[in-house]
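First the structure, in the form of structure tokens, and then the observations on it.
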Amino acid sequence: MQSKINLLNLNQKALDEFFKKLGEKSYRTKQIMKWIYKDQVFDFDQMLNLSKKLREQLKEISCIEFPSVVSKSHALDGVIKWVVELGGENHVEMVYIPEKDRGTLCISSQVGCALACTFCSTGYQGFNRNLSTAEIIAQVLIANLHLNPAGKRISNVVFMGMGEPMLNEEAVYSACDLLMDDLSFGLSRRRVTISSSGVVPALERMSERVPVSLAISLHAPNNTLRDELVPINKKYPIEALMKACDVYLNAGTQERHILFEYVMLKGVNDSSEHAQQLAQLLKGVSAKVNLIPFNPFSESEYQTSSIKTVENFQNILFSKGIRTMTRRTRGEDVDAACGQLAGKVKDKTKRTHARRD
Ligand code: SAH
Ligand code: SF4
């Protein structure tokens, strides 16, 4: 028997095609999207504006399926972390970060990550597989189901959880379509952010395919240091990355900028000279820099830069006219801070063992 189609995998265009194949009119897409995303009804029997025949047919060939929640932890600062089970001993995590005027959900795009950045807990877990669109979108639906009864809303979604979104392009693009579609989540393009460590060809495709916001995990202002911290730099060095950034900035019709993320590692990338180099690199680029205090995890030997060092770094960037902010660490008491998401990854790369030996 053919496996059922999970409707959460289908963006509006794919749903149109799905209903067309069933001989149904395209308004069925609107109806089903309203049930799923606006009314949060996932049982076909309750979708009473669909004909009985169509409901029976949908039950036979399709489903609306979610991964299950394994745990939910509340940090003292209001951050909430969920762990969801994806089968095959794989778990991923997503995190809700409430702020005064918004609520950001940080979601995962892969089980683990193959890119092995040296300061990242996810990187240490190795890699198992890509998430499907349904598994990505379900994270937002699950969080909404928990948050909405408490009067909380998700206003922003960032692909800053586990995984490298630009190594799972198709599923991430369809998920972005759904996040921005008025029939589903209806978030504006400024409120959906893909964060990438720099998969250059994918970034160039992404620039044309989805008009979302972009964050680049830079972390070092020269190739020698970036090769060490973000190993994908050996394949796509800074010069190629900056060209891809240019493609992004010039694509689309609206004005764009890029957020450059820079994790502050004591004595590694946080000197005045590094700040000068970074300012030089970003000269003339429509950029904002986000300095991220390093969040420690057990396997790592890096240390967090002192507040004074971060201030000095920030002041140098300011003096060169570069917009810079320092990210406040949130949710660390439940291991929900940036780079602490580890989930449970049945590593297929065997890298975990190689690195720990
Ligand atoms: N793979 C993507 C998205 C997930 S990582 C990327 O690298 O951009 C999300 C952000 O958390 C990245 O900027 C990443 O560099 C940062 N990060 C990773 N480990 C961290 C740590 N231990 N402390 C602080 N930030 C970290
Ligand atoms: Fe992967 Fe991003 Fe972590 Fe690097 S920082 S290992 S790309 S998740």
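Observations, loosely collected:
- Residue match in region 238-250 (condition: assigned by TED's automatic domain parsing to the domain that holds Leu131 and assigned to a loop (DSSP other than H, G, I, E, B)): no
- Residues that are open to solvent by 60 Å² or more (accessible area, probe 1.4 Å) and either more than 22 Å from Lys243 (Cα to Cα) or touching a Pro at 6+ places or on another chain (Cβ under 8 Å) (or both), drawn from region 278-303: Gln280, Pro296, Ser298, Glu299, Glu301, Gln303
- Verdict on Val41 being under 30 Å from Thr329 (Cα atoms), open to solvent by less than 70 Å² (accessible area, probe 1.4 Å) and hydrophobic (A, V, I, L, M, F, W, C): no
- Which listed residue, of Leu291, Leu341, is within 19 Å of the chain's Cα centre (by Cα) and at pLDDT 80 or above: Leu291
- Test: residue in region 225-248 that is open to solvent by less than 30 Å² (accessible area, probe 1.4 Å) and among the basic types (Lys, Arg): yes
Condition check ((1) within 31 Å of the chain's Cα centre (by Cα); (2) assigned to a strand (DSSP E or B)) across all residues:
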{"site": "Asp45", "(1), (2)": "no, no"}
{"site": "Asn49", "(1), (2)": "no, no"}
{"site": "Gln57", "(1), (2)": "no, no"}
{"site": "Val84", "(1), (2)": "yes, yes"}
{"site": "Gly87", "(1), (2)": "yes, no"}
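- Which numbered condition Leu105 fails, given (1) at pLDDT below 95; (2) hydrophobic (A, V, I, L, M, F, W, C); (3) open to solvent by less than 20 Å² (accessible area, probe 1.4 Å): (1)
- Boolean, Val289 is more than 16 Å from ligand 2 (Cβ to nearest atom) and in a strand (DSSP E or B): yes
Per-residue answers, yes or no, for (1) free of Cβ contacts under 8 Å to residues at least 12 places away in the same chain; (2) within 23 Å of Gln139 (Cα to Cα); (3) assigned to a strand (DSSP E or B); (4) open to solvent by 20 Å² or more (accessible area, probe 1.4 Å):
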position	(1), (2), (3), (4)
Ala14	no, yes, no, yes
Glu17	yes, no, no, yes
Thr29	no, yes, no, no
Leu54	no, no, no, no
Glu65	no, yes, no, yes
Val70	no, yes, yes, yes
Leu76	no, yes, no, yes
Leu115	no, yes, no, yes
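- Checklist (1) open to solvent by less than 40 Å² (accessible area, probe 1.4 Å); (2) aromatic (Phe, Trp, Tyr); (3) within 16 Å of ligand 2 (Cβ to nearest atom) applied to Phe127, failing item: (1)
- Test result for Ile97, surrounded by 18 or more Cβ atoms within 10 Å (Cβ to Cβ) and in a helix (DSSP H, G or I): no
- Filter result (open to solvent by 10 Å² or more (accessible area, probe 1.4 Å), on the phi < 0 side of the Ramachandran plot and either within 9 Å of the chain's Cα centre (by Cα) or near ligand 2 (Cβ under 9 Å from one of its atoms) (or both)) within region 148-163: Val158, Met160, Gly161
- Restricting Ile136, Ile142 to residues that are away from ligand 1 (no atom under 16 Å from the Cβ) and not in a loop (DSSP other than H, G, I, E, B) narrows the list to Ile142.
- Residues of region 172-197 satisfying the condition of being among the hydrophobic types (A, V, I, L, M, F, W, C) and either within 16 Å of ligand 2 (Cβ to nearest atom) or assigned by TED's automatic domain parsing to the domain that holds Arg28 (or both): Val172, Ile194
- Test: Ser184 is within 14 Å of ligand 1 (Cβ to nearest atom) and either at pLDDT below 95 or hydroxyl-bearing (Ser, Thr, Tyr) (or both): no
The values are calculated or read from the model by the stated rules, or taken from the named source; none is laboratory data. Everything numeric in this text was worked out from a predicted model, so none of it was measured. Positions of Cβ are generated from backbone atoms using ideal geometry, with glycine treated the same way; all protein chains shown enter the neighbour counts. All accessible areas refer to the heavy atoms of the entire protein, side chains included, with ligands and DNA or RNA removed. Shrake-Rupley method; radii C 1.70, N 1.55, O 1.52, S 1.80 Å.
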